[in-house]
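Worksheet for the structure shown next.
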Protein chains: 2
Amino acid sequence: MTTHAIGAHAADQPLVALDIPRRTPGPRDVQIEIAYCGVCHSDLHTVRGEWSGTLYPCVPGHEIVGHVSAVGGDVSGFKVGDTVGVGCMVGSCRQCASCREGLEQYCSSGMVGTYNSPTTDAPGHTLGGYSQRIVVDRDFVLHVRHPQAQLAAVAPLLCAGITTYSPLRHWGAGPGKKVGIVGIGGLGHMGVKLAHALGAQVVAFTTSESKREAAHALGADAVVNSRDLAQMRAHAGSFDFILDTVAAPHVLDAYTALLKRDGTLCLVGAPASPHPSPSVMGLVFGRKAIAGSLIGGIAETQEMLDFCAHHRITADIEMIDAHAIDAAYERMLKGDVKYRFVIDCAMLGG
Amino acid sequence: MTTHAIGAHAADQPLVALDIPRRTPGPRDVQIEIAYCGVCHSDLHTVRGEWSGTLYPCVPGHEIVGHVSAVGGDVSGFKVGDTVGVGCMVGSCRQCASCREGLEQYCSSGMVGTYNSPTTDAPGHTLGGYSQRIVVDRDFVLHVRHPQAQLAAVAPLLCAGITTYSPLRHWGAGPGKKVGIVGIGGLGHMGVKLAHALGAQVVAFTTSESKREAAHALGADAVVNSRDLAQMRAHAGSFDFILDTVAAPHVLDAYTALLKRDGTLCLVGAPASPHPSPSVMGLVFGRKAIAGSLIGGIAETQEMLDFCAHHRITADIEMIDAHAIDAAYERMLKGDVKYRFVIDCAMLGG
């Protein structure tokens, strides 16, 4: 069984139309006709070989929504026609402490990524959501309960949504808490929406004065231009939690200084070169922490999707032509996207 | 009222005998005849002007033990003859959230340090424990319940002890937890003793193969030469908490790699130049954190002293002649101390 897809044969080649294999659904499998797939920075880094270890052909995409077209005999939670999602993972060991606790993203054997992870299926590594169909183990498929009209805008919740929701929940963002969101992009715009919906007081940090109104519209109670020292100082020592979504290297001390005692600055962006080394004294005086967080577990991803359906939260998206994905990547690199590109996978070849 | 002391008139001058003023005890004051004072790296940094802002004359010393010689009319918790201690703080605002929670070290107005902090007393800044007498507000005096014969070895508990005890308690070191202590010096040797007494499985990290036996004797279940990659890798992903006492710049990624998911690397050493910038991915994969911690609050310092008295824990010390303090500093800089120098303050001048 093959399906139409968009992918690259090598790091220095553009993405092109491909036909890729998909396995026949096994007893525990869910076969999904992909409706939409969000475009994540990780897609670009991987397909262009900017992180080591890309396997080719590479078909990116891990913000997948679609409809079930077949289920295996051991699948009871999904039926043909269901609206479903698949995020960054399609497998894990199921045995280690993290898997048993529903934190499959921290699987001690390494989670199986939706693309570029080893698999026994042809061609030997997983192929992602820039495609018309995917077959996924039932345990890594999520129910989508949003209205169908919102489906394209649900796709980015599967990575950008859960990547921000999980740390916001883990560090207790909610009523009575002051939460900062650094960077108003694909991740950050979701962080603002989610932190606001969770009931926190939300301050958005941006270097782009032009994003001020937009950040308020997303749900920010206040917006700080992080290049303005006076604006920054006005918030010194006042945050319970700051979620930093910016991948470009920047001075973390500027944000640890804004934390209360026992506050945490959580990084979810992966910088290509290191941030300037953070001040140890900036942590010692206030028992502060700098932490990291990786997407979220399957159960928490379902919780996030249901939370978003209840609160009518989706991503702000721009639909793009899958065959012009390289041009979209270039716009993404310039920050020219509000705030997530989404591919209409039904339009893929065929 | 004056008292004999040892201090410096300028950053580039040796420590010499001085007579310094002490205030007449007010209603809330406890007057203490100092028996012993421990020698902390902070003393050296401050008196030599290596941190900005040293006020001269500078009399260091914040690991103070002695006996009460007078109390003010409003003091009910202490009486003449009591054995007491004074640590790094002699005051704080008492009003802010941290003070109200017994975390005076994080006072939002800044704690009043035992030396080199502004005060209304002459000469306008606090003067520390390298002296024969000190007058301290009752709220910053601790009860010492160890036998008198151990008194000199109790002194370092007031800084080195609480600096390691507080983070060990805050991050839950105890039975069933695997705890690392990085560096076997003044702080680290206390960290090993305390983590062991708290019931944790303790691994000591040192670059000095010569400290292996000593670390076991202090209470370490295992000792790892941190320069040996194979030894380090054998502990990958296994620690609940690592307390890093090393002030010299070093690669923190070597330790974040040893943490379990949700583990914390806590820094209590103040490097003169930054550590290499830690890997963000090293934090993201495992939701790990790098944190800092500053001494401990007054209530927790009393808890630590009582815990140590109960478990017969003191510091390993070497008594030195106060008039040879500069020579002791040079030995300290070379790591030639097992593990804390203590001054016999009764021998000071007079």
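Consider the stretch B:307-329 and keep the residues that are of a type in the set (A, V, I, L, M, F, W, C) and in a loop (DSSP other than H, G, I, E, B). The one that is nearest to the chain's Cα centre (by Cα) is B:A315. Looking only at residues in the stretch A:274-288 that are within 7 Å of chain B (Cβ to nearest Cβ) and not in a loop (DSSP other than H, G, I, E, B), the one that is farthest from B:G296 (Cα to Cα) is A:V280.
May I ask you to list the residues in the stretch B:133-148 that are outside any strand (DSSP E or B) and surrounded by fewer than 22 Cβ atoms within 10 Å (Cβ to Cβ)? Once the filter is applied, which keeps residues that are outside any strand (DSSP E or B) and surrounded by fewer than 22 Cβ atoms within 10 Å (Cβ to Cβ), the stretch B:133-148 yields B:R138, B:D139, B:F140, B:R145, B:H146, B:P147, B:Q148. Among the residues of the stretch A:250-288, count how many are open to solvent by less than 10 Å² (accessible area, probe 1.4 Å), of a type outside the set (A, V, I, L, M) and more than 19 Å from A:L229 (Cβ to Cβ). Residues in the stretch A:250-288 being open to solvent by less than 10 Å² (accessible area, probe 1.4 Å), of a type outside the set (A, V, I, L, M) and more than 19 Å from A:L229 (Cβ to Cβ): 4 in total. Across the stretch B:223-247, the qualifying residues are those that are of a type in the set (G, A, S) and under 24 Å from the mean Cα position of the chain (by Cα), and the one among them that is nearest to B:G191 (Cα to Cα) is B:A247.
Between A:M332, A:M304, the distinction of being at pLDDT below 95, open to solvent by less than 30 Å² (accessible area, probe 1.4 Å) and not in a loop (DSSP other than H, G, I, E, B) belongs to A:M332 only.
Contact map, the stretch B:97-109: first residue at the interface with chain A (Cβ under 10 Å from one of its Cβ atoms), second residue of a type in the set (V, I, T), Cβ cut-off under 6 Å, separation 6 or more or different chains; pairs are B:Q105/B:I295. Those residues that are open to solvent by 20 Å² or more (accessible area, probe 1.4 Å) and at the interface with another protein chain (Cβ under 7 Å from one of its Cβ atoms), I need them from the stretch A:289-301; list them, please. Within the stretch A:289-301, A:L294 is the sole residue that qualifies.
Against the list (1) β-branched (V, I, T); (2) within 21 Å of B:N116 (Cβ to Cβ); (3) over 22 Å from the mean Cα position of the chain (by Cα), the condition B:I32 fails is (3). Within the stretch A:56-74, the set of residues being open to solvent by 20 Å² or more (accessible area, probe 1.4 Å) and farther than 10 Å from A:L127 by Cα comprises A:H67, A:S69, A:A70, A:V71, A:G73, A:D74.
Within the stretch A:218-234, the presence of at least one residue that is basic (K, R) and either more than 13 Å from chain B (Cβ to nearest Cβ) or more than 30 Å from B:L103 (Cβ to Cβ) (or both) is confirmed. Kindly indicate whether A:V203 is of a type in the set (V, I, T), under 23 Å from the mean Cα position of the chain (by Cα) and more than 19 Å from A:A160 (Cβ to Cβ). In short, yes.
Pairs meeting the criteria (first residue in the stretch B:126-146 and charged (D, E, K, R), second residue buried (at least 24 other Cβ atoms within 10 Å of the Cβ), beta carbons under 6 Å, at least 6 apart or on different chains) are B:R138/B:V30. For the condition among the small types (G, A, S) and open to solvent by less than 30 Å² (accessible area, probe 1.4 Å), B:G77 does not qualify. Within the stretch A:15-44, track down each residue that is open to solvent by less than 40 Å² (accessible area, probe 1.4 Å) and in a helix (DSSP H, G or I). Within the stretch A:15-44, A:S42, A:D43, A:L44 meet the criteria.
Meeting the requirement of 3 or more residues that are over 25 Å from A:P14 (Cβ atoms) and of a type in the set (A, V, I, L, M, F, W, C), the strands (runs of 3 or more DSSP E) wholly within the stretch A:59-132 are A:64-71. Look at the stretch B:219-231: where a residue is farther than 14 Å from B:K178 by Cα and a partner is open to solvent by 60 Å² or more (accessible area, probe 1.4 Å) and acidic (D, E), sitting 6+ places away or on another chain with Cβ atoms under 8 Å, you get B:N225/B:E209.
Taking the stretch B:248-263, which residues are more than 7 Å from chain A (Cβ to nearest Cβ) and either over 24 Å from the mean Cα position of the chain (by Cα) or not in a loop (DSSP other than H, G, I, E, B) (or both)?
Kept after step one, since they are more than 7 Å from chain A (Cβ to nearest Cβ), are these residues of the stretch B:248-263: B:248-260, B:262-263.
Within the stretch B:248-263, B:D253, B:A254, B:Y255, B:T256, B:A257, B:L258, B:L259, B:K260, B:D262, B:G263 qualify.
The values are calculated or read from the model by the stated rules, or taken from the named source; none is laboratory data. Treat the numbers as computed from the prediction; the structure is a model and nothing was measured. A quick note on method: Cβ atoms are made from the backbone with ideal geometry, for glycine too, and the neighbour counts reach across all protein chains shown. Just the protein is used for accessible areas: all its heavy atoms, side chains included, with ligands, DNA and RNA removed. Shrake-Rupley method; radii C 1.70, N 1.55, O 1.52, S 1.80 Å.
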